[in-house]
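Only one structure is covered here, and it is reproduced in the block below.
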Amino acid sequence: MSGERLAKVLAHLAADAAARGVATSCEAACEACVSLIGVTGAQLTLMNGTGRGESRYATNDIGAQLENLRFTLGEGPCEDSVRSGMPVLAGDLDSWDNDLRWPLYVRSAVAAGARAVFVFPLRSGAIRIGALVLHRTSPGPLTQEQILDAHVVADVILSLLLDELTMAHLEAEVLPPNGTPLSRAEVHQATGMLSVQMGVSMDEALVRLRAHAFAHDKSVVDVAREIVGRRLRLSPESRPDPR
Amino acid sequence: MFTENLAETFVELADTLVAGFDSVEFMHLLADRCVATLEVDAAGILLVDHHGELRVLGSSSDRARLLELFELQHRQGPCMECYLTSEPVTVASFTTSPQRWPEFSAVAKDAGFGALHAVPMRLREQTVGALNLFTVEEGALSEPMLRVAQAMADVATIGLLQAQIISHRDLLAGQLQHALQSRVLIEQAKGVLAERLQIDMSTAFETLRRYARSHNYYLSTVAEDVIAGTIDMAELTAVAEARSSARRPRP
């Protein structure tokens, strides 16, 4: 991911949120990406404990209906993306092959007003927590630029969600969300090591890593390096004091 | 001479694959190289369309007689037989009787050819078409030559997939994303393995690679299994130990 693109996307999200007088959150990011990417609406599906997933936010009614369809029918582009961890781009939802692929979903989604659906997973390797679902009321593909921007938005939303989980873990009220994705190899390696040390899932391990960094006023990358260098171990019990 | 030709052919094909290309152009190039490398007199690449008929995608010459020979086989003939059975088919002579496809053989003989070899273009379980090779002389191709012919057919299949991937934006976005996510997955798996076996990151990576290679798995699949805890840890440990003892200086 180019730093320029991330900077551009973050600036757009911040300006959009400021203009509407709200804090940068994953809801605000959904709203902002509608104009950034040029779609009719955006919706966020998050995987919960049961694995069936649930809607976190939808910018419009069509988005909400699309998530209802996914949940009830168990098929469609979002369901495929969540299962495979890969983007699913249906520029012409009502095409012959999409109709074969998702016979129930396509009919209802078109009736709801959607003609194109683009799904980008919220994913970092083994960590898969949901998907960003974009739709348009007219058919047509996304450009390469729009696809790349959408991937960046999905990464930012993933990071904002991890910030929320970190705050919940620390029982902290304030944690300035930065929405900056961390794609350093050490962070991924440390996450893997922590999952073994603490006996937790990869998602939980990354949250603990971020929480430790925040509680000790260190950068996530620095904490990751200490763990990889075996200068720091976190035990299952270790729960940093909330600040 | 043969080895030199073969090396040159693969360099040329690889260059084209890397640079990006038009699939029809690539198939023509491939057909030309088949003639030069396999010491045959004409070559054609035929693909099955959505109606189940074979279509010429590329040929070593646009000579009408040759194209007619390919067209004749669109529903039946040695090339169709090869496609349907996924096995090489040889007609070593068009003159001896009985001929299995007499009409085709008569036209081939009139065009001045003595024998035909068809090699399947396979992608995993699926066969997508066949490579057709004509010689003026009668007789079957030698076993090594047939193996090179199969390699050429495989390259044709790879080229086709590559072209589809490049021209298909969705697929391109997917391929890139897949590569990026695989990388993250592998880093996470290195962490898991480093902690479980108390080894360093590079040993962890080598272990993953060796395990993947010896089982013929994708590296990302092995990484996923390590993270999910569904991998044979005893075997993975043995792989890691073999590697660290190999690096230790001998006494």
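A short reminder: the numbers here are calculations on the coordinates, not readings from a lab. Nothing here was measured: the structure is a model prediction, and the numbers come from that model. Methodologically, a virtual Cβ is constructed for each residue, glycine included, from the backbone with ideal geometry; neighbour enumeration extends over all protein chains shown.
Modelled spin labels at B:A106 and B:A7, positioned 7 Å past Cα toward Cβ, are 4.9 nm from each other.
With +1 on each Lys and Arg Cβ and -1 on each Asp and Glu Cβ, how big is the dipole of the range A:3-157 about its Cα centre, in debye rounded to the nearest 20?
I would put it at about 220 debye.
The charge dipole of the protein assembly as shown, taken about its Cα centre with unit charges on the Cβ of Lys, Arg, Asp and Glu (plus for the first two, minus for the last two), comes to roughly 1500 debye. With both labels modelled 7 Å from their Cα along Cα-to-Cβ, the B:S202 to B:T221 distance reads 2.9 nm. Run the reach check for B:K190 against lysines, Cα to Cα strictly under 20 Å, same-chain hits fewer than 8 apart removed. What comes back? Here the lysines satisfying the reach criterion relative to B:K190 do not exist.
Selection among A:T191, A:C78, A:V34 by position relative to the dipole of chain A gives A:T191 as farthest towards the positive end (Cβ unit charges, Cα centre).
Starting from the Cα-Cα distance between A:T143 and A:E171, subtract it from 0.36 nm times their residue separation and give me the gain in nm to one decimal.
Full extension from A:T143 to A:E171 adds 5.9 nm.
Across the range B:91-133, the residues whose backbone nitrogen lies under 14 Å from the label position 7 Å along the beta-carbon direction of B:L84 are B:100-102. In this calculation the C-beta distance from B:R75 to A:E4 is compared with R0 = 51 Å, giving a FRET efficiency of 0.35.
Each Lys or Arg adds one and each Asp or Glu takes one away; over the other residues whose Cβ falls under 10 Å from the Cβ of A:P77, this sums to -1.
Calculated mean residue ellipticity at 222 nm for the protein assembly as shown: -18500 deg cm²/dmol, from DSSP H runs with n ≥ 4 weighted as -39500 (n - 2.57), summed, divided by the residue count and rounded to 500. For the pair the range A:54-132 / the range B:185-231, the C-alpha centres are spaced 32 Å from each other.
Here the calculated FRET efficiency for A:D61 and B:Q126, from their Cβ-Cβ distance with R0 = 35 Å, stands at 0.25, rounded to the nearest 0.05. Computing Rg and the Kirkwood Rh from the Cα coordinates of chain A gives a ratio, Rg/Rh, of 1.00. The alpha-carbon of B:K109 sits under 16 angstrom from the alpha-carbons of these aspartates and glutamates, leaving out residues fewer than 8 places away in its chain: B:D41, B:E68, B:E71, B:E137, B:E138. Under 5 Å from the amide H of A:Y57 lie the amide H atoms of A:L44, each residue being 5 or more positions distant or on a separate chain, with H modelled from the backbone and absent for Pro and chain starts. Model label points for B:A140 and A:L104, set 7 angstrom from Cα along the Cα-to-Cβ axis, are 5.5 nm apart. Taking θ as phi - 60° and the Karplus parameters 6.51, -1.76 and 1.60, the scalar couplings of the range A:208-221 work out to 5, 4, 5, 5, 4, 4, 5, 5, 9, 6, 10, 7, 4, 5 Hz in sequence order, x denoting glycine and proline.
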